[in-house]
1. Could you check the spin-label model distance between residue D:136 and residue B:141? Points 7 Å from the Cα along Cα→Cβ, value in nm.
2. Tell me the distances, shortest first, between residue D:178 and the same position across the other copies, using label points 7 Å along Cα→Cβ, in nm to one decimal.
3. Taking chain B as the reference, fit the longest principal axis to its C-alpha atoms, fit the long axis of helix B:153-174 to the helix C-alpha atoms, and give the angle between the two in degrees, 0 to 90, nearest 10.
4. Give the shape of the protein assembly as shown as rounded, prolate or oblate, defined through the alpha-carbon gyration tensor: a ≥ b ≥ c are the square roots of its eigenvalues, a/c under 1.5 means rounded, and otherwise the shape is prolate if a/b is larger than b/c and oblate if not.
5. Taking only Cα atoms and a 10 Å spring cutoff, compute GNM fluctuations for chain A and point out the largest among A:140, A:80, A:54.
6. Of D:152, D:122, D:18, which is the most mobile in a GNM of chain D whose springs link Cα atoms less than 10 angstrom apart?
7. How far, in degrees from 0 to 90, does helix D:52-78 lean away from the longest principal axis of the Cα atoms of chain D, to the nearest 10?
8. When Cβ neighbours within 10 Å are restricted to other protein chains, what is their mean count per residue of peptide A:106-113?
């Protein structure tokens, strides 16, 4: 009923901020101790050490979500308006974001199983690909601001959005070689993005 | 105390975005494995296959919610202001939206029982009827923008809002004939809406 | 560090919408069946009938929350700016709103106990008193728009905000006389507010 | 891809309001009775008295979160724009805020253990330090409004942001001396902030 061509972006920003806020807060439920261990009056120090890998998973997922949220922020800083297709790319993106607390609980509950690691990395890969699709579609269909086109942001955006899917592929490939440790490779994402930021700042 | 005649729509958009974001994220809890199966060190591959129907339910409900959110977006793109009655139609709508994670868990936990399928389809039917009521009321009481009246959006909106309740009725009618498979008919909703979008685009 | 005298109201609206959205969605968790009954393959029809009082509680709490959210909407429609004290009245209000899902679960789990009914009604009473305090404070400190003062909204607001605490007191007083049925008296709130709305509309 | 120098602050406000709203609402889950005690038809009066320390923890955490939210509100009242670094200080802040429901559940489940109290106070300390860093960074990098610089808000902000970490250190230091009671010292935060507010008001 509506030509959504001219649809403003504030609703999609509201839904996205809400979903990221919940997904990031839901992660903390991963840290809760099982009721049984609490009831049996378990020694807290011991319980906490047993949960260290969960704390690591929590921090990993929280900061991946934060990196994605910042990327979303950057995308919509440049996107002037949406089309139905862009809206649906965004919804697919949110669907894969919502799955992150679940795949995080998988690597928490099934610590030693490569399949859990594969599902987690696959989830991050899909999020990354959808961000890339989002940016490429917006650029091709001239939905970006003029400033974005003039200042070379379009190409830079493609490069930055390639980081997540490439690193996720690397993680997946490394699972057979470094079982249980592959997720550390995700730290390449913030390292690369920070380096890229510094390079671009210096150039100006 | 307030004549709400002139009440702006930003608060209702804020509450709605929050409720949709939370409902969409809550769905993922459906995918969690029961604690017992985790504790017994169950084989992950086996567990995941056993949960495939839950993943399907998650995706079905997530995309139905997304379709509803897009519809809400489209409605309030045209609605200039609210009245107390419109506000309450919207609140009834949100009440039925909030029930979707519950009725999704019903079809997950009671996979083979027609009553569960009936409740789920009934829930979607109620959401659809309330969207129709929302649009019809706004149109009758001249709460829409002038553009909406000029461009024939009002009639098109009635047609598009009829899709969900009609398909939900179809699903309910099909339960005795295709028990366990009726929910696949919900895919008629995106198919019809997409076809309608293409038709309208070509006409211009 | 900041004189909050001139603080705008959009942040308090954002936090409030978020908290109402979560509280309203959290209520649905009340409806979930206990894991045990699902595991034992209980008959769904039977389970649902056993949960009817929970569905009633869900609807009661959902619509009380909705009435409060509409009231908040109306208050901040007229409130131009906030002071630190108004901000804290609002935070106390949100604290009592957040407790509603908990006191709803009490009347669900302890169906026949007067203490549970007393806590639920007491919770609603506190929310009502804080709304009254919010409006009275804003009116006394001239934080309302000029329109609100001119059109007699201030006095009308006092009357409307008295409805919830008075009805809640009535409910509490009725517990010894109609144990298990007292909560039906809460329907006096929407009845009175609707009647009041009709009266005011006719007068104009 | 984007120079975030000129990035507006509305998205960070949206994410922050969502996370605070969710964290504040999640706290209420602390109050739920264990399923077992409900099933055994426990006496409600007895159960509630057994939960009194949880109610206290709920109120403590709720109002600490509220104080932090008000502080965030005050900070961003003066912050004109963000930089990538400020964005990430804010994300670290949100990460420590998200952990508060978890550390609150620790002091609820492990009532008598100093380690739980230490983790809770440590969590509050980290939140406080990050608020201080947020304000100091914004002031040093001239991201504040002119009014903030002129009226001495910058220095006042430093003082006010020192309250939380200093009190949290005091709480941690007091654990060996007043085990189980140290958290009462957190009430120094609202006392000091209120006193400071009164002093500044009188001075004008």
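A short reminder: the numbers here are calculations on the coordinates, not readings from a lab. Note that the structure is predicted; figures quoted are calculated from it, not measured. Here the Cβ positions follow ideal geometry from the backbone for every residue, glycine too, while neighbour counts run over all protein chains shown.
1. 5.5 nm
2. Nearest first, the other copies' label points are 4.9, 4.9, 6.9 nm away.
3. The angle comes out at about 30 degrees.
4. rounded
5. A:140
6. Answer for the Gaussian network model of chain D: D:152.
7. In chain D, helix D:52-78 runs at an angle near 10 degrees to the longest axis.
8. That works out to 4 on average.
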